[in-house]
Amino acid sequence: MAPNPPPILSPYVAVAIRNQFGSPVYVYDESTIVSRCQKVMAMPNAFGLDVRYAMKANSNRAILQLIAGQGLGIDASSLNEARRAMLAGIAPNRIMLTTQEVPIGQDRRDLEGFMAEGLIYNVCSLRQLSLLAQGNADASRISVRVNPGVGAGETSTRNTGDHYSSFGIHQNELPRVLEEVRAHRMVIEQVHTHIGSGGDPELWRGNIDRVLEMIERLFPEATVMNLGGGFREARMPDEVAANIQELGAYAERRCREFAERTGRRLKVAVEPGTYIVANAGHVVATVLDKKWSGPEGFEFLILDAGMETNTRPLLYGSRHPFTVISAEGQLLSSEFDPAVSTQAGRVVAGRCCESGDCQTLDEAHEVAPRCMADPAIGDIVVIGGTGAYCASMSLGGYNSHGQAPEVLLRTDGSLLCIRRRQTLEQLTVNELPLSPSGN
Ligand SMILES: Cc1ncc(COP(=O)(O)O)c(C=O)c1O
């Protein structure tokens with residue numbers, strides 16, 4: 001049994017959700033999101049803490065409003081994400097923009113307008129910096145994202161801090177940054193790194209030391225050390241989550257030592273996405289079919305939710321827990337229940353015409369069966385740990401499957417639809433016919 005099992009969707013609630021909203025459907029547990037927000041806001045710190053939710057993890061309007069209501073700001077990864085946060089009622093001065101985009105034209109004018117209203121621009125390339133220097137923005141409060149050369153992620157594609165990664169300005173190029181900043185009277189208020197998602201907490205601690213050293217040596221005006229997101233989450237019983245209180249305590253101690261040595265009282269900023277929403281989310285799916293691939297092969301369950309609903313296994317070989325529930329609501333197996341070890345290994349596939357449409361893949365993209373009960377057609381499989389980078393990263397439209405709806409399980413037990421199921425009309429609304437007659 002995991003020391004701290006993530007919240008499980010009760011069979012009764014799973015059945016009620018499917019009855020009301022159909023299948024497949026994403027469900028988010030409000031109380032888990034709120035308690036995660038409160039835990040991050042309570043991280044130990046020496047001279048202040050800014051928490052911005054990395055909205056790329058789950059950008060649904062109601063989720064943004066819920067999280068902003070807990071006092072978190074927003075980390076946006078594109079201008080459209082920043083605009084989307086504003087559409088949710090979040091003011092520009094609660095948003096920081098960290099993007100690979102290079103906004104020009106109207107986008108640049110919008111960015112400059114948002115900066116005038118308090119949005120913090122986290123400059124991620126030398127080109128972004130020189131465009132800022134040439135433009136009309138108030139650059140007296142900017143941030144710079146540094147690629148520190150050392151990263152950490154749950155897989156290599158989730159590592160954003162080493163030489164395989166194009167994120168940020170490499171530390172060796174910082175002298176050029178400082179030259180440009182001096183020449184244009186810009187002020188670097190924050191020094192930002194995000195070394196990856198789900199990596200080793202030890203490397204996260206090492207990053208704190210590295211950034212402090214960099215700030216002391218190169219950034220005399222910086223007042224904020226921004227450590228990005230990336231707290232490791234445990235979705236599976238054998239995974240261990242990062243201890244964020246312990247990480248906060250380490251940052252607090254190092255900031256106090258820094259202050260004693262330099263007289264500078266640095267604030268810390270963090271940008272968790274996964275930690276806030278991953279284990280609050282579940283996909284409720286239905287068993288459509290069962291197949292067998294021969295004596296050397298596997299027992300397959302075909303669900304109505306696959307790579308278009310949860311792309312993470314195909315992208316990263318990531319594992320998500322399965323709960324099997326009968327159509328009447330009886331719990332048949334759970335990855336968090338030791339009795340499951342007596343069950344046979346099965347492969348969980350989706351319904352897309354794509355051999356990678358499989359929820360049970362390992363990092364090498366090999367099919368990796370998992371132990372679970374043998375459900376009947378029409379039974380329910382709940383895919384856990386799907387609150388982050390699932391709905392927001394879904395492969396919209398592949399095989400013309402519409403996006404599944406999203407439902408919030410409120411703290412009082414009620415169910416609120418926060419995104420409707422996408423219809424075929426919505427899927428094709430921007431397509432134009434070959435001939436003007438429309439046929
Ligand atoms: C700049 C930045 N901040 C925060 C995050 C959030 O990371 P996580 O969801 O692992 O907490 C990411 C993820 O890619 C990121 O690139």
Compute the Cα gyration tensor for the range 359-439, then decide on rounded, prolate or oblate, letting a ≥ b ≥ c be the square roots of its eigenvalues: rounded whenever a/c is under 1.5, prolate when a/b is larger than b/c in the other cases, and oblate in all that remain.
oblate
By average C-beta atoms within 10 angstrom, highest first, the peptides 383-393, 310-320, 414-424:
383-393, 310-320, 414-424
Over the range 279-374, what is the relative contact order in whole percent, taking alpha-carbon pairs under 8 Å and six or more residues apart?
29 percent
Below 8 Å, C-alpha to C-alpha, sequence gap of six or more: please give me the relative contact order for the range 113-255 in percent.
22 percent
If you scale each eigenvalue of the Cα gyration tensor by 5 and take the root, what three semi-axes come out for the range 132-275, rounded to whole angstrom and sorted largest first?
28, 18, 12
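Summing -39500 (n - 2.57) over the DSSP H runs of n ≥ 4 in the chain and dividing by its residue number, what mean residue ellipticity at 222 nm do you reach, to the nearest 500 deg cm²/dmol?
Rounded to the nearest 500, the figure is -8000 deg cm²/dmol.
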Just the number, please: percent antiparallel of the DSSP beta bridges in the range 302-439, rounded to the nearest 5.
95 percent
In terms of Cα to Cα distance under 16 Å, which aspartates and glutamates are near enough to LYS267, apart from those fewer than 8 places away along the same chain?
ASP50, GLU189, ASP209, GLU213, GLU216, GLU221, GLU252, GLU257
Hull volume in cubic angstrom per residue (convex hull over the Cα atoms of the range 16-172)
165 Å³
Span from the the range 222-292 Cα centroid across to the the range 314-358 one, whole angstrom:
27 Å
Report the antiparallel proportion of the DSSP beta bridges in the range 179-316 as a percent, rounded to a multiple of 5.
45 percent
With a 10 Å radius around each residue's Cβ, average the other Cβ atoms per peptide and rank 98-111, 344-357, highest first.
344-357, 98-111
Long-range amide H contacts for THR286: which residues qualify at under 5 Å (H placed 1.01 Å from N, peptide plane, sequence gap of 5 or more or a different chain)?
ASP304, ALA305, VAL381
Of 176-185, 205-214, 240-249, ordering from highest average Cβ density within 10 Å down gives 205-214, 240-249, 176-185
Within the set of other residues whose C-beta is less than 11 Å from the C-beta of THR286, count the net charge using Lys and Arg as +1 and Asp and Glu as -1.
-1
If you average the sequence gap of Cα pairs under 8 Å that are 6 or more apart and divide by the length of the chain, what percent do you get for the contact order?
19 percent
Out of the GluC sites (Glu not before Pro) in the range 400-439, which ones are loop residues according to DSSP with at most 16 other C-beta atoms within 10 Å?
GLU431
Positive minus negative residues near LEU79 (Lys, Arg vs Asp, Glu; Cβ under 9 Å):
-3
The chain: translational diffusion in µm²/s, Stokes-Einstein, Kirkwood Rh over Cα pairs, 20 °C, 1.002 mPa s
93 µm²/s
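Quick note: the coordinates plus some simple rules give every number you see, no bench work behind them. Nothing here was measured: the structure is a model prediction, and the numbers come from that model. Neighbour counts run over all protein chains shown; Cβ positions are idealised from the backbone, glycine included.
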